[in-house]
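Structure record follows, encoded as structure tokens.
What follows is calculated from the coordinates using simple rules that are stated; it is not laboratory data. Computed from a predicted model, the values in this text were never measured in an experiment. As a convention, Cβ positions derive from the backbone with ideal geometry for all residues, glycine included, and neighbour counts pool all protein chains shown.
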Amino acid sequence: MRRSAFALIGGACMLLSACGSGPEFVGRPDLQFVGQQTMPAPTREDLLIPDRPYVIGPSDKLSINVFGIPELSQSVQVDTTGTIALPIAGSIHASGMSVEELTREITTRLGSYVRDPRVTINLLDAASQTFSVDGQVAAPGIYPIVGRMSLMRAIARAESTTEFAKEDFVVVYRTSGGQQYAALYDLRAIRAGMYEDPEIYSNDVIYVGESRARRVFKDVLSASGLITAPIIAVLRR
């Protein structure tokens, strides 16, 4: 039977808290658990659109071409305020627009000076749409969203989990409509096809937990020779 990520959260709730006050989730007691099957997609206010057209942002580089008019065709970079400047068309606040919306805006502005302008825009460098990976991965950091990104692809982008990773404790934090969400995933269950590999959006933060016991015994074994008696370690909560 397929299980949702939030079904796993429900199991984590029972393990982490026996009372009705709700568990603390990776140091975030302000987060509330909800009964939805999946997290909602970010809204435009979160710099994303639910159907996932690319949203232009600061530092993105665009190639703008006006057919038949090379002097109006150029590559531009969106500045830190989200603005681009073009001949005739002037300054345009492009941040928050999709490529299609910006194309229409430039076409409209040029229409007063150029007969039937045909404008095409290509995204050369997507610098504003990123996600973060932290915790037990080989290369923690901030990575660009390229096309549609899933959790497993995001982990692979960070060069996979380390030997100390707790693969049944992978958390994705997301903001949607001003509300913060967190979902708990088990990479082993995803690999086994128990539920779908969830989609990752811009500004998502992925945290891969650590198996502390494995790390403790790894350190002990690497510093010891022949083990002639059981090794007991106390792990503080």
Whole-number percent relative contact order across region 119-164, with pairs defined as alpha carbons under 8 Å at least 6 apart: 36
Glu101 paired with Asp125, simple spin-label distance in nm, labels 7 Å along Cα-to-beta-carbon: 2.4
Computed label-point distance, nm, for sites Ala139 and Ala213 using a 7 Å Cα→Cβ extension: 3.3
Gain upon complete extension [Ala156, Thr81; 0.36 nm per residue less C-alpha separation]: 23.7 nm
Under-5 Å amide H pairs with Gly135, H placed in peptide plane, nonlocal only: Val208
Mean Cβ count within 10 Å, highest first, over the residues of peptides 203-209, 147-153: 203-209, 147-153
For region 92-97, 3J(HN,Hα) per residue [Karplus equation, 6.51 cos²θ - 1.76 cosθ + 1.60, θ = phi - 60°, Hz, x = Gly/Pro]: 10, 7, 8, 4, x, 8
Percent of Cα-Cα distances greater than 26 Å, calculated over region 56-215: 44
Amide proton proximity set for Lys166, modelled H, under 5 Å, gap of 5+: Gly209, Glu210, Ser211
